[in-house]
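> Mind having a look at this structure? Questions to follow.
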Number of protein chains: 2
Amino acid sequence: MPGTKVDVERVFHALGDPTRRAIVERLSEGPASVSGLAAPLGITLTAVAQHLQVLVESGLARTEKRGRVRTCSIETAGLGALERWILERRSGWERRLDRLGDLLAEPDKTES
Amino acid sequence: MPGTKVDVERVFHALGDPTRRAIVERLSEGPASVSGLAAPLGITLTAVAQHLQVLVESGLARTEKRGRVRTCSIETAGLGALERWILERRSGWERRLDRLGDLLAEPDKTES
């Protein structure tokens, strides 16, 4: 879904499931058919299709149907949203470290 | 838990819950007491304690008791594990892009 705003809430929900995480791990190595995803995971095509639906809605995968074969690929929007969320958390504690650094660099007024 | 190997499975499970994510978002801004976390979230101290337990076990938070007050802070190990998981996925598709680039750069043998 290009142009669709990715909700980090959906991304966390999607990746909280180990099977969906395994699908994303597999797709990051290259595109795969639905049956190509199902076989190593030992799950049904229907189960893969349901997981894919969640992954597509959270911006982690996309699917394309050519004739009778549906090809699945990684979508970077979801992982990008996840990265931004982590960076925002990191910037919070880095700001605090900066403030602490400023405080320690201040001349000690009690000694003057 | 310094030195403890953080399991990305636990991190995803922990952050799949919106309340726990809100706690991590709050702690990334600075340490807080259990009651300081409970008030803005509108949940009980017991609920906060249960969520904190999950966050501590997944390397996302740590708690320290001084007298009667338990102070909670962010722990970077869990977010680090999450970042590494994303980087591994990203390196997968970047390798594929590199291979595609090599392929396109090869001289076209059909024309010689």
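> What are the distances, in nm and sorted shortest first, from the label point of B:Glu25 to the label points of the same position in each other copy, with each label point placed 7 Å from Cα along the Cα-to-Cβ direction?
Sorted ascending, the copy-to-copy spacings read 2.9 nm.
> Using the count of nearby Cβ atoms within 10 Å as a rough guide to exposure, how do B:Thr46, A:Thr63 rank from fewest to most?
So the residues, fewest neighbours to most, are B:Thr46, A:Thr63.
> Net charge around B:Glu64, counting only other residues with Cβ within less than 14 Å of its Cβ (Lys, Arg = +1; Asp, Glu = -1)?
Net local charge, B:Glu64 excluded: +4.
> Tell me the mean residue ellipticity at 222 nm calculated for chain B from its helices only (DSSP H runs of n ≥ 4, each -39500 (n - 2.57), averaged over every residue, nearest 500).
My calculation for chain B gives -20000 deg cm²/dmol from helical runs alone.
> Another one. Using only Cα atoms and rounding to the nearest 10 degrees, what angle (0 to 90) does helix A:76-105 make with the longest principal axis of chain A?
The angle comes out at about 10 degrees.
> Here is a further query. Cβ under 15 Å from B:Glu29's Cβ, B:Glu29 left aside: what net charge do those residues give with Lys, Arg +1 and Asp, Glu -1?
Local net charge: +2.
> Same structure again: If we count other beta carbons within 10 Å of each Cβ, what is the order of B:Trp93, A:Trp85, fewest first?
B:Trp93, A:Trp85
> Mind pulling the angle between the C-alpha long axis of helix A:45-57 and the longest principal axis of chain A? Nearest 10 degrees, somewhere in 0 to 90.
40 degrees
> Using DSSP loop states and a limit of at most 11 other Cβ atoms within 10 Å to flag trypsin sites (Lys or Arg not before Pro), what is the longest stretch of chain A containing no flagged site?
In short, A:6-67.
> So for chain B, averaging the separation of alpha carbon pairs under 8 Å that are six or more residues apart and normalising by length, what relative contact order in percent results?
29 percent
> Which translational diffusion coefficient, to the nearest whole µm²/s, is obtained for the protein assembly as shown from the Stokes-Einstein equation, given a Kirkwood hydrodynamic radius over C-alpha pairs, 20 °C and 1.002 mPa s?
Translational diffusion coefficient: 107 µm²/s.
> Quick one: putting +1 on the C-beta of Lys and Arg, -1 on the C-beta of Asp and Glu, what dipole do you get for chain A around its Cα centre, in Debye to the nearest 20?
So the magnitude is around 760 debye.
A short reminder: the numbers here are calculations on the coordinates, not readings from a lab. What you are looking at is a predicted structure, and each value in this text was computed from that prediction instead of being measured. Neighbour counts run over all protein chains shown; Cβ positions are idealised from the backbone, glycine included.
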